[in-house]
Amino acid sequence: MAGRAQAGSDGMRAETLIVEDLLLLLLDDETGTPAAAGTLYYTLGGAVLVELALSGRVEAEGGSRLSGPEVRVAGDGPLSDPLLQAAYDRIAEKPRRVQPLILDIGSGLWEQLVERLVERGLIRREKKRVLGLFKVTQLPADDTGHEAEVRRGVKAVLEEGAEPDARTAALIGLLSGSGALPMLRPPLAWSGAVHRRAKELEEGSWGASAVGTAVTRTAAAIAASSAAVAVSVATTVT
């Protein structure tokens, strides 16, 4: 089940966030390269919004075709996690549409999340040389027990038809919205039924749906840019 506690090096146990579980699933266990890296910021930002929504600390209303519903804060009092508190404080400044908001929140999360996962002992940093010349940093899995538990929950819902809890449903919706679900390693037993189930969970969460919309737009923008470059090159050549 998503979000279960993990033991740290000091023996203390702490609850993982949805965005941390999501990143663990996205990261290749051998290299630490994330699936669907091109739209990662949208996915991470969406995961934080979903967590705040499940906690009753943000709500969405209205909507537009271009940028989705407007997100505003709800409830009061401090949040238990500084990462969530920072996102909450940003939204509290003024209500904003979900599409630009998920990018705003997600664009600064990669480094924070990597540091948190390293500190928890879930991944590690490895310095390597490519072709004996170029130094690279990889982020392979260190302790895979928690990730395996999260993955079992995802597989039970998608492959076996189990009823998901809210966190697992959110994880699957975000993975579906990001387009990363069929790219996970090790892979799921991909099928039409798995795809449909994942889409149902994606469409049941405005945060996950926003990620899906952002990913679609990003892909369209990349395609349009690539087409423009191809036309430019062809024109120059001829």
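Could you name the lysines in cross-link range of Lys127, using Cα to Cα under 17 Å and dropping any fewer than eight places away on the same chain?
Candidates past the 8-residue exclusion: Lys135.
Would you pull out the residues with amide H under 5 Å of Leu27's amide H, same chain only if 5 or more places away, H placed 1.01 Å from N?
Under 5 Å from the amide H of Leu27 lie the amide H atoms of Ala35, each far enough along the sequence or on another chain.
Quick check: net charge around His195, other residues with Cβ under 14 Å of its Cβ, Lys/Arg +1 and Asp/Glu -1?
-1
Sort 184-194, 117-127 for me by packing, meaning the mean count of neighbouring Cβ atoms within 10 Å per residue, highest on top.
In decreasing order of mean packing, 184-194, 117-127 become 117-127, 184-194.
Figure the gain on full extension for Asp76 and His195 (residue separation times 0.36 nm, minus the Cα-Cα span) and round it to one decimal in nm.
39.1 nm
Please give every one of the lysines within straight-line cross-link reach of Lys155, meaning a C-alpha to C-alpha distance under 19 Å, and leave out same-chain neighbours fewer than 8 residues apart.
Lys199
No lab work stands behind these numbers, since they all come straight from the coordinates. Since we're looking at a predicted model, the values are computed, not measured. No Cβ is skipped: glycine too gets one built from the backbone with ideal geometry, and neighbour counts run over all protein chains shown.
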